[in-house]
Amino acid sequence: MTATAEIEELYNQRGKRARELHDSGKKIIGYFCCFVPDEIITAFDLVPYRIQGSQSDPIDQADAFLETMACPFARSCFNLALKGEYDFLDGFVAPHSCDTIERLYPIWQHNKPSPFNHMINVPHMMGPSSTEFYRKELGYFIKRLEQWSGRKLDPGRLKEAVVLYNKRRALLRELYELRKPDPPLVSGTEMVKVLVAGMGIPAAEHLELVREFMNEVKQRPQPGRQKLPRIFIWGNEIDDIAFIHLVEECGARVVMDDLCTGTRFFWEDVPETPDPLDGLVDRYLQTHCPRSNIPQTQTREGDLENRYGYIGRAVRDWKVDAAIFYIVRYCDTCELEGPDLRQYLNGMKIPVLMIEDDYSTSTIGQLRTRVQAFLEMIG
């Protein structure tokens, strides 16, 4: 089987590999968001599994437990759990990434408990006290895993896990480099599949799979030149190809992103420090996320650059022509962050389309008109 075909299978049959590992005796730890260090879970010889929803399945059970004005991504994930889709999980870990996930944790734990359940409290403010607090939270997480697993964490194994995940991060960044040419060698649709495929398998397996995929990409015939708008996507959860495929089908190239399921979770390396926990605290607490409160600078212009400078660099390096914000409905953090980021990008002469969606493929037809009109406007 080619790497492309294997990625397609892992994308379409999510959880299949994790179930196989679970049935063979491995322990699978499901978690939400970008603030739970995979390295710690891996160092215990456990398999981290990034919990995902389904944009194609209706939410038919979760609304009995969660208000319908809560994040549809979180409701979709819980809906799958109630239907038994996550029964292969041996552990469930949720960080305080946002208020909805924090409120969901006790509801999930009460109604679909795993053998191991844990909440990591992640500070919203950035500063020295936040670093100390988050370090203690990760220390408590390690202690809980030690008690549950019956074995102590080996610092050497944790260092090895940091090296492993940094190798994967470097390779994924290298894959993103293949999107810099015009036309890009890898489409945005393909990138979603590659990243989602890696959320449900061990990092070492994903590393090898991405290597093989990159070799296949480099052996493809060079695509013909066709000047199309180069699009940057910003938002939260896009773990289905439907929206990205729509944008590309309408005549654009999705070349870069800042998403929870995209660059946000892997772009920066973990510093390889003598005590690996120091590097993990530094890396994960600095994750670019609208829920984090970055200290303000003295001027409005300086504040925007302080918050979004990394996006500005990506927009320039990937020669972006326009941006589309894909915000899951009821995500207050992204809704509040969007206008400031739009102002920053408009200052770079980058037009922005803001879309609020229900985390559902059923809305694609409605979105098509808006995307087509936007692309015509910037064309």
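Which of the residues spanning the stretch 41-58 are touching a helix residue (DSSP H, G or I) at 6+ places or on another chain (Cβ under 6 Å) and more than 17 Å from R14 (Cβ to Cβ)?
T42, A43, F44
Given the residues R264, R283, which is the only one that is of a type in the set (K, R), more than 16 Å from F32 (Cα to Cα) and touching a residue at least 12 places away in the same chain (Cβ under 8 Å)? Working first, answer last.
Details: R264 fails: more than 16 Å from F32 (Cα to Cα).
After applying the criteria, what remains is R283.
Return the residues of the stretch 241-267 that are assigned to a loop (DSSP other than H, G, I, E, B) and either more than 16 Å from the chain's Cα centre (by Cα) or under 24 Å from R342 (Cβ atoms) (or both); say none if nothing qualifies. If you could, list the steps in order and put the result at the bottom.
To start, the set of residues in the stretch 241-267 that are assigned to a loop (DSSP other than H, G, I, E, B) comprises 241, 250-252, 259-262, 266-267.
Within the stretch 241-267, C250, G251, A252, L259, C260, T261, G262, W267 meet the criteria.
Wholly within the stretch 269-361, which helices (runs of 4 or more DSSP H) include no fewer than the required count, namely at least 2 residues that are closer than 30 Å to I142 by Cβ? If you could, list the steps in order and put the result at the bottom.
Numbers: elements: 276-285, 300-317, 332-347.
Output list reads 276-285.
So if I check each of L195, L153, L138, which one is in contact with a helix residue (DSSP H, G or I) (Cβ under 9 Å, 6 or more places away or on another chain), modelled with pLDDT of 95 or more, in a loop (DSSP other than H, G, I, E, B) and of a type in the set (A, V, I, L, M)? If you could, list the steps in order and put the result at the bottom.
Values: L195 fails: in a loop (DSSP other than H, G, I, E, B); L138 fails: in a loop (DSSP other than H, G, I, E, B).
Matching residue, one of L195, L153, L138: L153.
Inside the stretch 136-153, can you point out the residues that are buried (at least 17 other Cβ atoms within 10 Å of the Cβ) and either among the hydroxyl-bearing types (S, T, Y) or over 13 Å from H118 (Cα atoms) (or both)?
Residue satisfying the conditions is L153 alone.
Could you give every pair whose Cβ atoms fall below 8 Å, whose first residue belongs to the stretch 169-181 and is touching a residue at least 40 places away in the same chain (Cβ under 8 Å), and whose second residue is surrounded by 15 or more Cβ atoms within 10 Å (Cβ to Cβ) and of a type in the set (D, E), counting only separations of at least 6 or pairs across chains?
Cβ pairs passing all conditions: R169/E268; R169/D269; A170/D269.
Among the residues of the stretch 337-361, which ones are farther than 14 Å from I231 by Cβ and more than 22 Å from the chain's Cα centre (by Cα)? Don't jump to the end; show me each part of the working.
Our first condition is that a residue be farther than 14 Å from I231 by Cβ; within the stretch 337-361, this holds for 337-344, 346-349, 356-361.
Selection gives Q343, Y344, N346, G347, M348, K349.
Select from the stretch 116-135 the residues that are surrounded by fewer than 17 Cβ atoms within 10 Å (Cβ to Cβ) and under 20 Å from the mean Cα position of the chain (by Cα) and list them in ascending order.
N121, H124
Can you name every residue in the stretch 39-55 that is surrounded by fewer than 24 Cβ atoms within 10 Å (Cβ to Cβ) and either in contact with a His (Cβ under 6 Å, 6 or more places away or on another chain) or charged (D, E, K, R) (or both)?
Answer for the stretch 39-55, where residues must be surrounded by fewer than 24 Cβ atoms within 10 Å (Cβ to Cβ) and either in contact with a His (Cβ under 6 Å, 6 or more places away or on another chain) or charged (D, E, K, R) (or both): D45, R50.
Might you let me know whether the stretch 166-187 holds any residue that is under 27 Å from R316 (Cα atoms), among the aromatic types (F, W, Y) and within 24 Å of the chain's Cα centre (by Cα)?
Initial filter on the stretch 166-187 (under 27 Å from R316 (Cα atoms)): 166-187.
Checking the rest, the ones that are also among the aromatic types (F, W, Y) come to 176.
Those still in the list that are within 24 Å of the chain's Cα centre (by Cα) too: 176.
Yes, because at least one residue in the stretch 166-187 is under 27 Å from R316 (Cα atoms), among the aromatic types (F, W, Y) and within 24 Å of the chain's Cα centre (by Cα).
(1) buried (at least 16 other Cβ atoms within 10 Å of the Cβ); (2) over 15 Å from L259 (Cβ atoms); (3) within 21 Å of the chain's Cα centre (by Cα); (4) not hydrophobic (A, V, I, L, M, F, W, C): which one isn't true of R313, the others all being true?
(1) is the only condition that R313 fails.
Here is a check on your reading of the model: is V162 buried (at least 19 other Cβ atoms within 10 Å of the Cβ) and under 16 Å from D45 (Cβ atoms)? If you could, list the steps in order and put the result at the bottom.
Values: buried (at least 19 other Cβ atoms within 10 Å of the Cβ): yes; under 16 Å from D45 (Cβ atoms): yes.
Judged against the criteria, V162 is a match.
Of all residues being surrounded by fewer than 21 Cβ atoms within 10 Å (Cβ to Cβ) and at pLDDT 95 or above in the stretch 211-221, which is nearest to Y31 (Cα to Cα)? Just the residue, please. Quick ask: steps written out before the conclusion?
Of all residues in the stretch 211-221, those surrounded by fewer than 21 Cβ atoms within 10 Å (Cβ to Cβ) come to 211-212, 214-221.
Then drop every residue that is not at pLDDT 95 or above, which leaves 211-212, 214-217.
Numbers: R211: 25, E212: 27, M214: 28, N215: 31, E216: 31, V217: 31 Å.
Among residues in the stretch 211-221 that are surrounded by fewer than 21 Cβ atoms within 10 Å (Cβ to Cβ) and at pLDDT 95 or above, the one nearest to Y31 (Cα to Cα) is R211.
Only one of E102, E20 is free of Cβ contacts under 8 Å to residues at least 40 places away in the same chain, under 21 Å from V281 (Cα atoms) and not β-branched (V, I, T). Can you tell me which?
On the way: E20 fails: under 21 Å from V281 (Cα atoms).
So the residue among E102, E20 that is free of Cβ contacts under 8 Å to residues at least 40 places away in the same chain, under 21 Å from V281 (Cα atoms) and not β-branched (V, I, T) is E102.
Taking the condition surrounded by fewer than 19 Cβ atoms within 10 Å (Cβ to Cβ) and touching a residue at least 60 places away in the same chain (Cβ under 8 Å), does E85 pass?
Numbers: surrounded by fewer than 19 Cβ atoms within 10 Å (Cβ to Cβ): yes; touching a residue at least 60 places away in the same chain (Cβ under 8 Å): yes.
Taking the combined requirement at face value, the residue satisfies it.
The values are calculated or read from the model by the stated rules, or taken from the named source; none is laboratory data. No experiment lies behind these values; they were computed from the predicted model shown. All Cβ positions, glycine included, derive from the backbone under ideal geometry; neighbour counts span all protein chains shown.
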